[in-house]
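The values are calculated or read from the model by the stated rules, or taken from the named source; none is laboratory data. Nothing here was measured: the structure is a model prediction, and the numbers come from that model. Cβ coordinates were reconstructed from backbone atoms using ideal geometry, including for glycine residues, and neighbour counts include every protein chain displayed.
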Amino acid sequence: MTSSENTDTRLQPDAERTIGDPETLKVFFDPMRARIIRTLAHDPCTVHDIAETLNVPFTRLYYHMNMLEKHGIIRVVETRNLSGAVEEKYYQVTARIFTVDRALLTMRKDDGDDTAKDETGLIQRVEQALISTQRDLRHSVQRGLVDLTVTPPHTHALVSTCGALPLSPQRALEFQRRLLALCDEFAQDVTSAGTRHYAVALTVYPTTKTDEDRPAPII
């Protein structure tokens, strides 16, 4: 596609895509690639656009872009011809939401040591995602996107809570369904005037915490 064509005909991200192999999972959870994915979550961008947004040299991004494209996480949605034979590619994510195949979370091998490595690798990838969120939050505070002096609901507030909810299995399922439905509902709203990106990090899992560890007040 060239710039002369109607941009409405560009490929649009799928509603959801499942990551089904360990290599793609590893690529997805790399901190730098996670930042690139967030940058491409809405509008298509060139490598230079991404470099400017992330404040990194554009030459540092090519390897990461190639890995993301190779594993189907991003794709070229538009190509514009510049002077001579130079082409400018615009990239976007292939899906609005990425989920992980449950089989990857329960990988088992015959060798006990290999199993331990699989489990350790999965935990490391989750930790990478959390570390990436931490860095992104710090960056947003430094740039003034997050105002720590205001409380939610507010467009510049930080919403944060941590603890344990006492739920029956049925209520836990309902809680998960409603969270996922809410995320899906708002992820589809990409045409509203004044749209901007808001980072969302969710973890819901059974825990050994007790009722005394109920979630702290949201700040």
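Among the residues of the range 77-129, just one is modelled with pLDDT under 75, among the aliphatic types (A, V, I, L, M) and farther than 18 Å from residue 23 by Cα, namely 85. Residues in the range 159-180 that are more than 24 Å from the chain's Cα centre (by Cα) and either assigned to a helix (DSSP H, G or I) or exposed (fewer than 12 other Cβ atoms within 10 Å of the Cβ) (or both): 166, 168, 169, 170, 171.
Filtering the range 142-160 down to residues that are closer than 15 Å to residue 201 by Cβ and of a type in the set (Val, Ile, Thr), which residue is modelled with the lowest pLDDT? Residue satisfying both the conditions and the ranking: 159. Among the residues of the range 13-24, those that are over 28 Å from residue 82 (Cα atoms) and part of a loop (DSSP other than H, G, I, E, B) comprise 20, 21. Assuming residue 59 fulfils every condition listed in (1) modelled with pLDDT of 90 or more; (2) within 22 Å of the chain's Cα centre (by Cα) apart from one, which condition is it? With (1) modelled with pLDDT of 90 or more; (2) within 22 Å of the chain's Cα centre (by Cα) applied to residue 59, the lone miss is (2). For residue 191, the conditions (1) surrounded by 10 or more Cβ atoms within 10 Å (Cβ to Cβ); (2) at pLDDT below 70 are fulfilled apart from (1).
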